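Below is one structure; the comments refer to it alone.
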């Protein structure tokens, strides 16, 4: 956080050789070395060394004869005047105001330094020089503030502790937001991608194409079917004739259920392999939570397939079928809320850990006390401390099954205390988890809303750009007309044939006084570009009236295409880069020049 | 020494707390004109000094910690707190433990603009921490150690723990002519004037404002 300026100075000592001392100036607060009063005080205090010095003191540095003692500087920021001492500014010589760089902004006429920046933000910049601490004003936009700091050469890292946390949080939030937007932009803007990338994008973002959407819904359907099948195959359906038993549906229609299971597992396997193929980093993907869940969901089936029909192992096999319930976790790809819940739990791990730990402690304490209070009762349920754990947990969570109840007075008292404290212990970490969840959920909502609104916003921006682009083109045409008029007037040629094409324009050269020099030169530049490439700038709506370019290819020789002109607003993204001799739709038209005559 | 003016602002409890045991919370110095008269600084110099002083110590009182901080910024590699304490004490804060602007300025006026005798007198007070009028060997060692502490580690030749002691003893023995274990002011002055151009050396610490 500190800026260090390192210089070397040799202190000559006559009897023990040169001792080299590295001087590092660590700036964190106002450079007191640059303040005259502290300078005087510390140099004066050095008189105390003279009696004990073993060698003579070096002579002091020569004084600058026209060294001015402090003067006041006027800094005008967008008209608002700030006045300060020169020394105040020079406290920090590695910033704009503290160094010679400010001379670039010196205005001779008014004898002040003029900056065309925001005066409200400049207050904070100047406060930094005055107090040595940089603060972050909470109601200002972080980007604007950052820009001001960058302009004046102040590193934001030297911010005081009072404001640094807030600044970092806002900055991170802002970066995330921009990163999100940029991410989705990058995704949409990729023109060519390999099938593998397309597949990956289809899996990750169901909205990207209809195939992806279909895959999304199909997998969702099969997950639901599989889970429901798991549930229903345990329901007893119908009485078997001849016996009083009523077997589960799974046993009765075992073939049907087996086929259903096979179909689901096939789909899941295909999906898993496809994801594995499409993943950009396969190893990392293998370790991801979702793919582990996928594997766990389909593995029991394969293990069951390859396991021999052995009585010993069939017990284990049945256990494995339990893992089929993990298929329900595959739904988390389909549900944002589920993912957020999982993320919240992960981020609240410490609170959950605290909850678990305090519960365990309380359980052990109460169970021990209950056990020793109740163990001598006849027919008691408290046969051991672990048995008492069950009672304590059921009581603390206020369930109260009633399968174990205390019968002594002490047992009942302790039981009462246990249930009261259970409520407290559980209620403590819950608000933290809830607020975390709420924050993350709302963040997500906002991101989704932003993405939805973005399309509308971009459309509006594009329309505005088109409007300005059209205005630009018409003004360019006017400028060209005027230019040609000038040329014909100078050359003395007839002007009738020339007036025919082009937009109407005001007569006389007084009109072009209104267009400033910049515009005229800009138009001239664009005209040069047109000539270079034998193209012509046209308005966007005229493009639709042009014939398809392939038919026009013959009359003109193929000329190398220039890139899109950045100054023509609007259709930048739509311009597809064609090859040198290729035909491309866009703003270029191989215009015929016969309509115009040039000198 | 100027008397302490009533604390500005809170006239109520401020006046009640005017005894010397309670720590004053605010101090306004005497007028610029009278201070300019009393010390050898000009008005502009006083203004410059006070502006910086007030920036650092808005209450008008300098505490020991402020001195330490100032010195540590000028001598960032070593530990300047011991020497800063000695200098602070040499300005004589009295029982309050903090200095006012007038005290500092008057001290600086002596050091910066005084004659060589006055400067030596201040140096003697710096060394003589218990104010008994003599410099003992212990006080000399204390001062020299404080100076060596300011160097820090990155020096060559390296500082050994006994260097300060040896240096102090050497100087002390040279100063103490009559060998009675205490250096009086006359012995101090004599020793300082011997073998060196004292006036030039004392002057080389003058700072142009």
| remark: Pseudo-spin-label distance residue B:155 to residue A:347, built 7 Å along Cα→Cβ, given in nm, is 5.4 nm
| said: Out of all DSSP beta bridges in segment A:72-187, what portion is antiparallel? Express it as a percent rounded to 5. | reply: 65 percent
| field | Spin-label model distance (nm) - residue A:141 vs residue A:397, 7 Å beyond Cα toward Cβ | value | 5.1 nm
| query | What's the FRET efficiency of residue A:435 with residue A:62 using the Cβ-Cβ distance as r and R₀ = 51 Å, to the nearest 0.05? | reply | 0.15
| query | Pairing the Cα long axis of helix B:137-149 with the longest principal axis of chain B, what angle in degrees results, from 0 to 90 and rounded to the nearest 10? | reply | 80 degrees
| task | Give me the angle, in degrees from 0 to 90, between the Cα long axis of helix B:81-90 and the longest principal axis of the Cα atoms of chain B, rounded to the nearest 10. | result | 70 degrees
| query | In degrees from 0 to 90, rounded to the nearest 10, what is the angle of the helix B:101-113 Cα long axis to the longest principal axis of chain B? | reply | 40 degrees
| Percent of C-alpha pairs per 10 Å bin, segment A:195-334, short to long | 11, 36, 30, 15, 6, 2, 0
| task | Starting from the Cα-Cα distance between residue A:339 and residue A:519, subtract it from 0.36 nm times their residue separation and give me the gain in nm to one decimal. | result | 59.3 nm
| said: For a Förster distance of 30 Å, can you work out the FRET efficiency between the beta-carbons of residue A:287 and residue A:161, rounded to the nearest 0.05? | reply: 0.15
| request: Let me know the shape class of segment A:299-414, please: from the alpha-carbon gyration tensor, a ≥ b ≥ c as square roots of the eigenvalues, rounded when a/c is under 1.5, otherwise prolate if a/b is greater than b/c, or oblate. | output: oblate
| note | Final fewest-first order of A:257, A:152 on the 10 Å Cβ neighbour count is A:257, A:152
| said: I need to check one value: relative contact order of segment B:116-203, counting alpha carbon pairs closer than 8 Å and at least 6 residues apart, in percent. | reply: 35 percent
| query | If contacts are Cα pairs under 8 angstrom and at least 6 residues apart, what is the relative contact order of chain B in percent? | reply | 18 percent
| Label-point separation in nm, residue B:177 to residue A:173, each point 7 Å along Cα→Cβ | 7.7 nm
| remark: With a ≥ b ≥ c from the Cα gyration tensor eigenvalues, square-rooted, and the rule rounded for a/c under 1.5, otherwise prolate when a/b > b/c and oblate otherwise, chain B is prolate
| request: Please give the FRET efficiency for residue A:246 paired with residue A:405, using the beta carbon to beta carbon distance and R0 = 22 Å, rounded to the nearest 0.05. | output: 0.05
| remark: Rounded to the nearest Å, the spacing of the alpha-carbon centers of segment A:98-133 and segment A:213-238 is 70 Å
| 222 nm mean residue ellipticity, helices alone, for chain B (DSSP H n ≥ 4; -39,500 (n - 2.57); rounded to 500) | -16000 deg cm²/dmol
| said: Quick check: from the Cα gyration tensor, does segment A:339-465 come out rounded (a/c under 1.5), prolate or oblate? | reply: prolate
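Read the figures in this text as sums done on the coordinates, not as results from a lab. Just so we're clear, the structure is a prediction, and the values are computed from it rather than from any experiment. Using ideal geometry, Cβ is built from the backbone for each residue, glycine included, and neighbour counts are taken over all protein chains shown.
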